[in-house]
Amino acid sequence: MDRKTEDLIARLAFGELTEAEAAQVRAMAGRDADTAKALDSYELLRSDLRQMRDVPHDQLSKERLQSAILAQGLKPRPVRHGFPWVWAPVATVAAALALFVFMQPSNHGVPGGEKEISHDIVARNDTVIPNDPYTSPLNTDDTRMLTQTIERVAATPRPEETTKAPPAPVRRSRTVHRYHASGREQEHTPDMEPAKLALNSASAPRSTVAASQPRESIVLIQTERDGNTGAKSAVEVQQTEDVIVSS
Amino acid sequence: MLSSALSALIVLGGAANGVAPQAVEKDRAAWSRVVPSVASILRGNQDLGSAALVSSKGLFLTHLGAVYGDRIRARLSNGEIVEMTLKASDEPTQLAVLQASDWIKTAKPLAPVDGELKPGDRVLAVRSNAIMRAQFVTGTRYGVVAPSQRLMQLSEISFESPSNQVDGALVVTPDGRLVGFLNATLRANTENALSPTAPDAMAEFRSVQPMAKAVGGGGGGARKFGPGDMTVAYTTAPGVLQRAVDSLVRGKGIERPSIGVDVKNAEGGGALIDSVTPGSEADQAGLQAGDIVIEIDGVKISKQVDLAKAVMNQEIGSSLRMKVKRGRWTLTVPVKVGSKSQKAPLRPESAI
């Protein structure tokens, strides 16, 4: 299964395809056992992520957000206790201005009179607090509001790691895919039918040469006989051929 | 048989054909040394192939193509007809060992060559009464043998295209060492080694000094041949032959290191597991079809042949650490190396 197909499978599992696309990919999975297996793996991964209590920020998914919002509803904005330090510079300037104004002699004949000061309402911080995704004022009309970084995960093998089943922990992988709010990744057409070499075919063997490797040939000794010599017939093919070897 | 073999040598050599008399004499002498240790397998009056004495206890090594049943007939070099019983066989190498009811007691068992052959060394290929001078090209070719699909190391030899059948021809060195039996010949079409599409084989062929034409043609001096006149053939490699003989003469099949997978090249590199034999070592270790093996004991695996070579060089009972990609996971899996022997199925026995 190539990377393009696997991308489609991952997006299907995380609910990022349209209905038509999803149907197409599911049909593909129905025809190919490898694809179906990969789809099961990704759906299991999504299920595992859903069960995790603390989702790391870099693994945030739209699916999880939506599920959380549906389950818990939008939480009331928390009461902010303590000083919002991001506004410290503004407060300092405001305080300095107020002091300057207050220290000026009054020109209005009102000793100690109050001077109307325009109070700018400092807008409350409505932006998303990174460590509290549930308070995000998510605009559910935007299907791809957030710029997400979905990392393909791979279990980093420990020296003594041995297993007979896919490992459970999800850790940072080397491959990063970015799904932007404005669009989608390039459309892919999966390679459905990798070519295979029929070992006993009388047709000429296909020759594919890896551009980065020197050509090496192997000999295929077939069951059919060479009419000229009576011995088994042999052909030479490049090692990159789709030859099955038993080991 | 000896007289007919000498006649063949006369046809083969001769100063009148442009071959130096010393060369003919050498071949004659070589064949004379070997003849007492060689028997012809018979079915009725048909000569099916040659068998070479490999043990002082009357064990003969032959090509499986000549074995048509558990009990067969053979003719010794002195003309005596003897009975031979099949003791052991191996399908990938197409070798079999027969126990003769009688043999020439003074005959010397032929020992397999032990890697001392060099490209260009002269060898003799014997089939029935035809003796062909051949050239050893290399002992480091790799082949996949159907139907077992086992990877096997092969020797490649070349000789002038024969006018008769050469399947199972016995190949020996001039000093009487056993090279093997002809298993297969390269198909003579444009996809084969004799064409530009297989430049490595062509380069190897051209690096070997061409043989002098030995039959017909007339004229003086050695002649050189182009590829179109030559046949490329394969036998088991010397090391494989030695191990085969050692196992078969003990009446045992050849045990090969095996983990129980069928693999092919993976896109992007690695060996893709096509199937896992149920109950095999690979199955017990948890390997699955679709897994891509990328490393074995720290050695990178870039294609299926790399994996097969790595396994075939292991000791039976040892353990491999295989790094495997499964989807987006990378696993390190210890796999024990088991063994597998493949006794060859026989053709139905026909009346002797």
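With the simple spin-label model, which puts each label point 7 Å out from Cα in the Cβ direction, the A:Ala94 to B:Ser32 separation comes to 11.9 nm. Per-residue mean of foreign Cβ neighbours for B:145-154 is 5 (Cβ atoms of other chains, 10 Å radius). When peptides B:147-159, B:75-87 are ranked by their average number of other Cβ atoms within 10 Å per residue, the highest-first order is B:147-159, B:75-87. Summing Lys and Arg as +1 and Asp and Glu as -1 over all other residues whose Cβ lies under 14 Å from the Cβ of B:Lys57 gives a net charge of +3. Near B:Leu48, the amide H atoms lying under 5 Å from its own belong to B:Ile41, B:Leu42, B:Arg43; only residues 5 or more places off or on other chains count, and H is placed 1.01 Å from N.
The mean count of C-beta atoms from other chains within 10 Å of the C-beta of residues in B:287-293, rounded to a whole number, is 2. Packing order of peptides B:261-267, B:105-111, highest average first: B:261-267, B:105-111 (average count of other Cβ atoms within 10 Å over each peptide's residues).
Given a Förster radius of 60 Å and the C-beta distance between B:Glu83 and B:Thr277 as r, what FRET efficiency does 1/(1 + (r/R0)^6) yield to the nearest 0.05? After rounding, the FRET efficiency stands at 0.95.
Taking every residue in B:315-328 and counting other chain Cβ atoms within 10 Å of its Cβ, the average works out to 3.
Every number here is computed from the coordinates shown, using simple stated rules; none is lab data. Worth saying up front: this structure is predicted, and the values here are computed from it rather than measured. Glycine also receives a Cβ, built like all others from the backbone with ideal geometry; neighbour counts cover every protein chain displayed.
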